[in-house]
Amino acid sequence: MRTEPDPTLRFSSRVGHYERYRPGYPKELAALLARECGLEPAARVADIGCGTGLLARVFLEFGCEVTGVEPNPEMRQAGERLLAGVPRFQMTGGRAEATGLDPSSVEFITAGQAFHWFEPDAARAEFHRILGPGGWLVLVWNERQPAPGFMAEYEALVRGFAWEPNRIEESDIARVCGGPFRKARLDNRQLLDCEGLIGRLTSSSYAPLPSAANYPAMVESLEEIFARFQQDGYVTMLYDTHLFYGHVAEGV
């Protein structure tokens with residue numbers, strides 16, 4: 001899980017790349033949760049680690065009321081700016097272990113690409129506190145699909161230039177839920193031009209920043225891969241969107 005004193009600050013220098021180049025989530029996600037968990041328009045949702053609002057948008061478009069909880073000031077400001085004027089949305093400072101929300105105030109807790117920063121036991125107690133009876137925890141995660149060609153070349157480049165953190169651990173999900181949870185998968189994809197491909201990798205917390213000595217070499221390698229695999233000026237990044245959802249037992 002967490003390996004540095006305050007990981008909530010590690011995206012401060014990447015906000016611009018994050019808001020422009022991170023993939024969103026399939027709209028089918030809301031329909032799946034409606035079938036599986038009874039998600040309804042106007043449901044109250046707390047989106048933990050809301051960032052620029054990529055996951056919040058799915059629920060807002062479905063008609064939900066969303067409170068974004070984001071500990072990083074720069075990311076929080078970006079989310080507020082990008083979703084300014086959107087009805088049924090508000091943003092607040094806070095973190096998974098201390099959201100600042102009222103007891104039993106939401107029906108769904110969501111987190112996209114943020115769960116691996118949570119402290120499982122403290123988050124479990126806080127989630128149980130803010131969820132109403134029968135409420136759901138929904139974790140959403142985009143993982144790049146293993147595939148030959150462009151995807152394989154991109155994976156090799158990432159391994160060569162960037163340390164990538166551990167993937168989401170189902171044992172930690174079990175700790176937060178305190179009981180069984182369900183799983184689902186959706187297809188997702190992202191069309192990127194060359195600038196977007198560079199920005200996509202730079203948006204990742206583990207990638208070299210422009211100030212790093214190896215950043216020019218990384219960009220050169222990305223440009224070479226793009227030139228070989230682009231079609232009509234774009235490459236396609238393929239993702240599996242994983243969903244983990246369940247109820248949260250009382251924290252211990």
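Overview of values
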read-out: Segment 168-238: C-alpha gyration tensor shape, a/c 1.5 cut-off, then a/b vs b/c; value: oblate
read-out: Cα convex hull of segment 136-212 - mean projected area over all directions, nm²; value: 6.9
read-out: All-pairs Cα distance distribution in segment 86-143, expressed in whole percent, bin size 5 Å; value: 4, 17, 27, 28, 17, 5, 1
read-out: Full-extension gain in nm, Arg129 to Leu238, via 0.36 nm per residue minus C-alpha separation; value: 35.6 nm
read-out: Pairwise label distance in nanometres, Ala213 with Ala174, each label 7 Å out on the Cα-Cβ vector; value: 4.4
read-out: Mean ellipticity per residue at 222 nm, deg cm²/dmol - from DSSP H runs of n ≥ 4 across the chain, formula -39500 (n - 2.57); value: -10500 deg cm²/dmol
read-out: Overall form of segment 15-130 per C-alpha gyration tensor (a/c, 1.5; a/b vs b/c); value: rounded
read-out: Cα centre as origin, Lys/Arg/Asp/Glu Cβ charges: segment 84-218 dipole, Debye; value: 220
read-out: Ranking of Cys194, Cys177, Cys50 by count of other Cβ atoms within 10 Å, fewest first; value: Cys194, Cys177, Cys50
read-out: Gyration tensor verdict on the chain (Cα atoms; rounded if a/c is under 1.5, prolate if a/b is larger than b/c, oblate otherwise); value: prolate
read-out: Modelled FRET efficiency - R0 25 Å, Glu155 with Gln77, Cβ distances, 0.05 increments; value: 0.15
read-out: Segment 136-200: trypsin sites (Lys or Arg not before Pro) falling in loop per DSSP and having at most 14 other Cβ within 10 Å; value: Arg167
read-out: Sorted peptide list for 67-75, 149-157, criterion being average Cβ within 10 angstrom, highest first; value: 67-75, 149-157
read-out: Cα-centred dipole magnitude for segment 148-241, charges only on beta-carbon of K, R (+1) and D, E (-1), debye, nearest 20; value: 440
read-out: Most mobile listed residue (Phe108, Phe59, Phe181) in the chain, GNM with C-alpha springs under 10 Å; value: Phe181
read-out: Segment 45-175 - share of DSSP beta bridges that are antiparallel (%, nearest 5); value: 5
read-out: Dipole of segment 20-160, positive end: most advanced residue of Cys64, Gly135, Met151 [Cβ charges, Cα centre]; value: Met151
read-out: Antiparallel bridges, percent of DSSP beta bridges restricted to the chain (to nearest 5); value: 55
read-out: Linear extension gain, Lys27 paired with Arg228, 0.36 nm per residue minus alpha-carbon span; value: 69.3 nm
read-out: Under the Karplus curve 6.51 cos²θ - 1.76 cosθ + 1.60, θ = phi - 60°, whole-Hz ³J(HN,Hα) for segment 214-230, x wherever Gly or Pro sits; value: 8, 5, x, 5, 5, 4, 4, 5, 5, 5, 5, 5, 4, 4, 6, 10, 5
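Values in this text are rule-based calculations from the coordinates and carry no lab data. If you're wondering where the values come from, they're calculated on a predicted model, not measured in any experiment. Positions of Cβ are generated from backbone atoms using ideal geometry, with glycine treated the same way; all protein chains shown enter the neighbour counts.
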